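Enquirer: Next up is a structure, given as structure tokens.
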Amino acid sequence: MGCSFSSGTNYITLSSLPVGNARGCANHYCPSRHSIKCSLTPPRMLHILSVQPTAEYRLQLRFDDGVEGEVDLCAELTGTVFEPLRNVELFRQVMTDAELHTIAWPSGADFAPEFLRTLVRQRSAA
């Protein structure tokens, strides 16, 4: 499998075997018929714009793609990084991290915005 760049488009070669009579390509490799065109546009990074503690281990979040909602992180507060946040006073110190574009705590704990958005959508679907 090969990859080449041409005019901002990425082509992934499926096979380098002879292709026969494909569009005038007789018995030689013809990339125009046997490649998959892929976009070179990188995936958009998701950012959290605001966070507000609401109840015990719940946060109201607003994302830059327009999604808003509440997450309950109680079940996620396990392990050495997150267990200290079971102290509600520490949990309520949550803030948005301007560099990471997500929520974080002074201890260094943070959650990926994509994970949090999944929780928001699961909650709203329930």
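The values are calculated or read from the model by the stated rules, or taken from the named source; none is laboratory data. Everything numeric in this text was worked out from a predicted model, so none of it was measured. Neighbour counts are summed over all protein chains in view; Cβ atoms, including those assigned to glycine, are modelled from backbone coordinates with ideal geometry.
Enquirer: Select from segment 53-87 the residues that are among the acidic types (Asp, Glu) and under 20 Å from residue 121 (Cβ atoms) and list them in ascending order. Before the answer, list the steps.
Expert: Of the residues in segment 53-87, the ones among the acidic types (Asp, Glu) are 56, 64-65, 68, 70, 72, 76, 83.
Scanning segment 53-87 gives 64, 65, 68, 70, 72, 76.
Enquirer: Another one. Taking the residues in segment 82-99 that are surrounded by fewer than 13 Cβ atoms within 10 Å (Cβ to Cβ) and in a loop (DSSP other than H, G, I, E, B) as candidates, determine which candidate is modelled with the highest pLDDT.
Expert: Of all residues in segment 82-99, those surrounded by fewer than 13 Cβ atoms within 10 Å (Cβ to Cβ) come to 83, 87-89, 95, 98-99.
Then keep just the ones that are in a loop (DSSP other than H, G, I, E, B); that gives 87, 98-99.
On the way: 87: 97, 98: 92, 99: 93.
It comes out as 87.
Enquirer: Count, please, the residues in segment 100-126 that happen to be assigned to a loop (DSSP other than H, G, I, E, B), over 13 Å from the mean Cα position of the chain (by Cα), closer than 14 Å to residue 81 by Cβ and hydrophobic (A, V, I, L, M, F, W, C).
Expert: 2
Enquirer: Here is a further query. Which is surrounded by 11 or more Cβ atoms within 10 Å (Cβ to Cβ), over 19 Å from the mean Cα position of the chain (by Cα) and either modelled with pLDDT of 70 or more or not assigned by TED's automatic domain parsing to the domain that holds residue 100 (or both), of 77, 61, 46?
Expert: Values: 61 fails: over 19 Å from the mean Cα position of the chain (by Cα); 46 fails: over 19 Å from the mean Cα position of the chain (by Cα).
Exactly one of 77, 61, 46 is surrounded by 11 or more Cβ atoms within 10 Å (Cβ to Cβ), over 19 Å from the mean Cα position of the chain (by Cα) and either modelled with pLDDT of 70 or more or not assigned by TED's automatic domain parsing to the domain that holds residue 100 (or both), namely 77.
Enquirer: Look at segment 63-81 and say how many of its residues are assigned to a loop (DSSP other than H, G, I, E, B) and polar (S, T, N, Q). I'd like the intermediate steps shown before the answer.
Expert: Quick first cut of segment 63-81, residues assigned to a loop (DSSP other than H, G, I, E, B) only: 64-67, 73, 77-78.
Of the ones still in play, those that are also polar (S, T, N, Q) are 78.
Looking only at that region, the number is 1.
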